[in-house]
Amino acid sequence: MRGSLLSIVLVLAACGSEDASGGATGGATRAPELGVDGSATLVELFAGSELRRPRDLAFNPQRPDELWIVNDGDGSVVIFHGITGDAPTYERRRDAAADHFMHKPSSIAFGASATSFGSSGTFATCGESRNEHGIEGAHDFMGPVLWSSDLAIFAREDPIGLGSHLDMLHNSPLCMGIAHEGANVYWTLNGRDGSIIRNDFATDHGVGMDDHGDGASLEYVRGQLGFAPGVPSHLAFHAGSAMLYIADTAHGRVLRLDTTSGTRGARLPSMERQQGGHYRIDDAVLTEVVPPGALTAPSGLELRDDVLFVSDNATGRIVAFDLQGNQLEALETGLGAGALAGMAFGPDGRLYFVDMVGGRLLRIER
C-alpha cells in the first residue's frame, strides 16, 4: 500500500533554558532544533489508520530520506519514502512471522551494511513482549531481532515459515529500548529484569532461517532500572565515549552507563544455546545524568552534537540537556500525557517524532 501525505502547521511556544540548579538563563538558543526566538513550528506530516500506536522511528542510512516507524498495535512497519521532500509517499508492511519476531515493538535502530548473503543494509527491533501470543502463554523467549532493510526482502521473503528476519537473541523479554553500537552489536533494555543487555548477533543466519547459536550477550546493572508498561524507555549510544544513555522511564530519570567499565562475572542461564554465552558484568558504572524532577516519564532519546534530546511521555515536553544534565531548552508540544515516545533526527537536521495516542508523525521546524 502506498499513499501521499498532508502537512498541517502549528506554531508553538518554546521554553527558556535552565542551568544545573533549575534557574532560567539568557543568551542564544543552545538547542535550536527545538525552536528559535521563543517559538517553534510543529508540522503534522501524517495522520492515519496505518499508524497503529506508533512507538519509535529511525532513518535508513542506505536511503537517507526513508523513515521507518514501528507500530505496537499490530507489529507492522510504515515506511515513508522521500519524507524530507515535498512529495513523500508511504507504505505499510507486516512480516509473515511478526507475531513472534515483531511482537509489540517498542524500538528500532538501523545497523551495519554488511550481511552474510550480500544484500546491503540491516536494522534491529525489539518488543514489549514475553512471547505471550501463543497457546503456551508467556515464557520470555524474546529479545532483539535483526532484519534486512532491503525492500525486496523485508516482509516479502518467507523461505521456511519464519518470515524474513535475519537473526534473533532471546535474553531481553519486555524489551523497551534498543541502540546500535557497531557491526551486529545492539544494546537493549530488559524490562523484566530491570537490566541492560549487550547483544552480539555475530553473523546473521540468512533470510528466514533459525540458527541463532553464534550469538553472545552480556547483562549489566540488573535490577537498577524500572519498567513502565506501555511506555518505551529508549537508549542512545555515544560512539565517541562508549557511553550508553538510558531513559529510565519508571524512575523519572536519565542514566549513563559506562560500557567500558565492569568485569565479566558469572555465566547466566540463557533461553537458548549461544556460542559466546550469556554473562553478568559486575561493578559497571551507572551514573544519574538527569535526576527525577526535571522529567516525569522520559521516553524518547536522541543524541546530536553532544546534546541529549528527551521526550517526556507524561507531560508532552521535549527537553534538551547537555551531557552533564544541564537543561538547555524545552518545547511544550501540547500533545499531553501518553503521546510522546520515539524521536529521530533526519538528514535535514530536523527532529521527527511520533504521537502514540493520535497515530501521527510530526516534525519540528527550526
request  = With the checklist (1) of a type outside the set (S, T, N, Q); (2) in contact with a Pro (Cβ under 7 Å, 6 or more places away or on another chain); (3) crowded, with 21+ Cβ neighbours inside 10 Å in hand, flag the one item Arg130 doesn't pass.
outcome  = (3)
query = How many of the residues making up the stretch 272-320 are among the acidic types (Asp, Glu) and part of a strand (DSSP E or B)?
reply = 4
remark   = Condition set touching a strand residue (DSSP E or B) at 6+ places or on another chain (Cβ under 7 Å), among the aliphatic types (A, V, I, L, M) and in a loop (DSSP other than H, G, I, E, B), scope the stretch 330-366, selection nearest to Val78 (Cα to Cα): answer is Met356
ask   = Are any residues in the stretch 164-177 over 17 Å from Gly121 (Cβ atoms) and either of a type outside the set (S, T, N, Q) or in a strand (DSSP E or B) (or both), and if so, which ones?
value = Met168, Leu169, His170, Pro173, Leu174, Cys175, Met176, Gly177
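Here is a yes/no grid of residues against (1) more than 21 Å from Phe110 (Cα to Cα); (2) at pLDDT 95 or above; (3) in contact with a strand residue (DSSP E or B) (Cβ under 8 Å, 6 or more places away or on another chain); (4) surrounded by 15 or more Cβ atoms within 10 Å (Cβ to Cβ):
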site: Ser21; (1), (2), (3), (4): yes, no, no, no
site: Gly26; (1), (2), (3), (4): yes, no, no, no
site: Arg30; (1), (2), (3), (4): yes, no, yes, yes
site: Ala47; (1), (2), (3), (4): yes, yes, yes, yes
site: Glu50; (1), (2), (3), (4): yes, yes, yes, yes
site: Arg55; (1), (2), (3), (4): no, yes, yes, yes
site: Ile69; (1), (2), (3), (4): no, yes, yes, yes
site: Val78; (1), (2), (3), (4): no, yes, yes, yes
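For Glu157, are the conditions met, namely being surrounded by fewer than 20 Cβ atoms within 10 Å (Cβ to Cβ), more than 15 Å from the chain's Cα centre (by Cα), farther than 16 Å from Ala112 by Cα and not small (Gly, Ala, Ser)?
Considered against the rule, which asks whether it is surrounded by fewer than 20 Cβ atoms within 10 Å (Cβ to Cβ), more than 15 Å from the chain's Cα centre (by Cα), farther than 16 Å from Ala112 by Cα and not small (Gly, Ala, Ser), Glu157 comes out as yes.
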query = Just one of Val145, Val185, Val207 is without any contact (Cβ under 8 Å) to a residue 60 or more places away in the chain, aliphatic (A, V, I, L, M) and surrounded by 24 or more Cβ atoms within 10 Å (Cβ to Cβ); which is it?
reply = Val145
key: Looking only at the stretch 282-326, and only at residues there that are surrounded by 18 or more Cβ atoms within 10 Å (Cβ to Cβ) and of a type in the set (D, E, K, R), the one that is nearest to Ser39 (Cα to Cα)   = Arg317
note = Checked against (1) modelled with pLDDT of 95 or more; (2) surrounded by fewer than 20 Cβ atoms within 10 Å (Cβ to Cβ); (3) of a type outside the set (S, T, N, Q); (4) not in a strand (DSSP E or B), Asp140 satisfies every condition except (1)
inquiry  = Being small (Gly, Ala, Ser), more than 30 Å from Gly73 (Cβ to Cβ) and modelled with pLDDT of 95 or more is true for just one of Ala228, Ala242. Which residue is that?
reply    = Ala242
task = Would you point out the residue of the stretch 195-216, among those that are within 19 Å of the chain's Cα centre (by Cα) and polar (S, T, N, Q), that is nearest to Ser148 (Cα to Cα)?
result = Asn199
query = Restricting the search to the stretch 327-336, which residues are over 14 Å from Phe309 (Cβ atoms) and crowded, with 19+ Cβ neighbours inside 10 Å?
reply = Leu335
request  = May I ask you to list the residues in the stretch 107-141 that are hydrophobic (A, V, I, L, M, F, W, C), free of Cβ contacts under 8 Å to residues at least 40 places away in the same chain and closer than 19 Å to Asn190 by Cβ?
outcome  = Ala138
request  = Output the residue which, of all residues in the stretch 213-225 that are within 25 Å of Ala98 (Cβ to Cβ) and surrounded by fewer than 20 Cβ atoms within 10 Å (Cβ to Cβ), is modelled with the lowest pLDDT.
outcome  = Gly213
query = For the subset of the stretch 80-98 comprising residues that are out of contact with any strand residue (DSSP E or B) (no Cβ under 7 Å at 6 or more places or on another chain) and free of Cβ contacts under 8 Å to residues at least 60 places away in the same chain, which member is farthest from Gly300 (Cα to Cα)?
reply = Asp86
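The values are calculated or read from the model by the stated rules, or taken from the named source; none is laboratory data. Note that this is a predicted model, so its numbers are computed, not measured. Here the Cβ is made from the backbone with ideal geometry for all residues, glycine too, and neighbour counts use every protein chain on show.
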